[in-house]
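The values are calculated or read from the model by the stated rules, or taken from the named source; none is laboratory data. Values in this document were obtained by computation on a predicted structure and should not be read as measured data. Here the Cβ is made from the backbone with ideal geometry for all residues, glycine too, and neighbour counts use every protein chain on show.
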Amino acid sequence: MNNREIMLKNSSIWKLLLKMSLPAMGAYLMNALYNVVDAGFIANQVNGINGLAAITAVMPIYLLIIGIASMLGVGGASLYSRYLGDGEKEKANNIVGNVIVLSIIFGVIITIIGYIFSQQICLLFGASQNIIDIAEVYLKRLLLGCIFIQLSIALTNLIRGEGNAIIAMFSMIIGSFFNIPLDYVFVVLLKKGVQGAASATVIGNFISLLFMIVYILNKSCTFKLTKSSFKLKANYIIEILSCGFASFLIQFLSIIFMTEFNIIIKSMNDSSYLAIAGVIIRITNLFNLPLLGIMNGIIPIIGYNYGAKLFSRVNETINKSILFSTSICFISFTIIMIFSKQIVGLFISDTENIYNVAVKGLRIVSILLPTAGIQIISAGIFQSLGKIKEAAISVIFKNILLIFLVGILYKMYGFYGILIAFPISDLFGFVLILMLIKLCNTSIKKNNFALSTI
């Protein structure tokens, strides 16, 4: 039993939760901050509102790349920690090798298809004629680094799954750390516009990937990869995809929503509303993404202790992670409600006609933010316990409801109807999570174990 296994088994839960989650939270926060800065440079320095609308139109493709990488990384991390807890180290290492190979394969496929059909893809996802050229330029440059992005995200999750949250944090922070100054160089100094912003993203992810490769080759890494580890096996592929499917669904349903939203805005013949969506999404991500750090942080803790049948530690981890994430949500909710005007002003001048719409929209979308904590981390809880069906349902229901409500409420209340759909879906999603926990208890009570909640 190595030091990380001893830590997962014996350390106090609060100490372990903070140690595993805070680095990931910081990394996600840094990543979200970069996206905010990136959008700010584009909106204020180059193409203005049209530039911001263009990168928002391309967002579904970026979400697809992230979704596949997250599916492979989160699924692999959950399996790795579980196999490690069961003492099956060879299987754990084979999972890592298979995730790496799959990441490269998917990256190549997305790059080739995306580059050949770039214009058609931009039009399909809602780019209007006045921003199609800008959107296509951004997409093509972004696709050149697709493999780097795939591997970077997948490996970050795997490294976190082995219990090394610090390295996982630095891998994300390093990429964002370089992205921000590169954005300034490419966008502001060299006047490369959205092409420069995409180039900064690609280079940042490449640097992050190099950092993780160096770590994996180091003896301190618990991954012990051999040639056989990289041999794809059907049973491993099915396990990885199944266990990480909920993470992919989160992004996939977001893709459907963003596409639906983009098409609706396209029919309004006003791309400024697409820019508003971009602003609201980036701001809410700034407050929501750190919660993913908690979700990813608890996966190895719950996975290992569940595999080792230390059920009291599993429950303690669940309860304290819910308390931790909900407290953060209340703080975020307060900040948004008090400082929404100042936050929106970073992107849109208060002299713009759309400024007041963006401020009101941000407040509407954030009304039920305090419930986001348990909704986001619940997917990680169910995945860690091997409850793939519950994890999938927790994601599918809320997002499908959101997609349905957007179409209905837009016809009734216009643009504001789209925004109202968010808190309504949040409410129903919250109630569903509580029901799933109760149902999950029924299915696992045979192990003398039941989920307890605060």
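I'd like to know if the range 393-413 contains one or more residues that are closer than 24 Å to Gly161 by Cα, at pLDDT 80 or above, surrounded by fewer than 22 Cβ atoms within 10 Å (Cβ to Cβ) and among the hydrophobic types (A, V, I, L, M, F, W, C).
Looking through the range 393-413, at least one residue is closer than 24 Å to Gly161 by Cα, at pLDDT 80 or above, surrounded by fewer than 22 Cβ atoms within 10 Å (Cβ to Cβ) and among the hydrophobic types (A, V, I, L, M, F, W, C).
Could you check how many residues of the range 72-110 are among the hydrophobic types (A, V, I, L, M, F, W, C) and more than 13 Å from Phe223 (Cα to Cα)?
11
Go through (1) more than 23 Å from Asn31 (Cα to Cα); (2) of a type in the set (A, V, I, L, M); (3) touching a Gly at 6+ places or on another chain (Cβ under 6 Å) one by one and return the number of the condition Val314 breaks.
(3)
Per-residue answers, yes or no, for (1) assigned to a loop (DSSP other than H, G, I, E, B); (2) free of Cβ contacts under 8 Å to residues at least 60 places away in the same chain; (3) out of contact with any strand residue (DSSP E or B) (no Cβ under 8 Å at 6 or more places or on another chain); (4) closer than 24 Å to Ile61 by Cβ:
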| site | (1), (2), (3), (4) |
| --- | --- |
| Ile180 | no, no, yes, yes |
| Ala198 | no, no, yes, yes |
| Ile203 | no, yes, yes, yes |
| Leu209 | no, no, yes, yes |
| Phe223 | yes, no, yes, no |
| Ile240 | no, no, yes, yes |
| Ser247 | no, no, yes, yes |
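Would you pick out the residues in the range 337-381 that are of a type in the set (Val, Ile, Thr), assigned to a loop (DSSP other than H, G, I, E, B) and crowded, with 18+ Cβ neighbours inside 10 Å?
Hits for the range 337-381 are Ile348, Ile354, Ile367.
Inside the range 253-272, can you point out the residues that are of a type in the set (Ser, Thr, Tyr), buried (at least 19 other Cβ atoms within 10 Å of the Cβ) and either in contact with a Leu (Cβ under 8 Å, 6 or more places away or on another chain) or under 15 Å from Ala421 (Cβ atoms) (or both)?
Listed by number, the list holds a single entry, Ser254.
With the structure loaded, tell me whether Ser118 is under 30 Å from Asp270 (Cβ atoms), polar (S, T, N, Q), in contact (Cβ under 8 Å) with a residue 40 or more places away in the chain and in contact with a helix residue (DSSP H, G or I) (Cβ under 6 Å, 6 or more places away or on another chain) or whether it fails that test.
no
Looking only at the range 145-164, filter to residues that are more than 12 Å from Ala77 (Cα to Cα) and either in contact with a His (Cβ under 6 Å, 6 or more places away or on another chain) or among the small types (Gly, Ala, Ser) (or both); which one of those is surrounded by the most Cβ atoms within 10 Å (Cβ to Cβ)?
My answer is Ser152.
For every residue, the table says whether it meets (1) touching a residue at least 12 places away in the same chain (Cβ under 8 Å); (2) part of a helix (DSSP H, G or I); (3) surrounded by 20 or more Cβ atoms within 10 Å (Cβ to Cβ).
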| position | (1), (2), (3) |
| --- | --- |
| Thr284 | yes, yes, no |
| Met295 | yes, yes, yes |
| Ile299 | yes, yes, yes |
| Tyr304 | yes, yes, yes |
| Val314 | yes, yes, yes |
| Ile318 | yes, yes, yes |
| Leu323 | yes, yes, no |
| Ile331 | no, yes, no |
| Thr334 | no, yes, no |
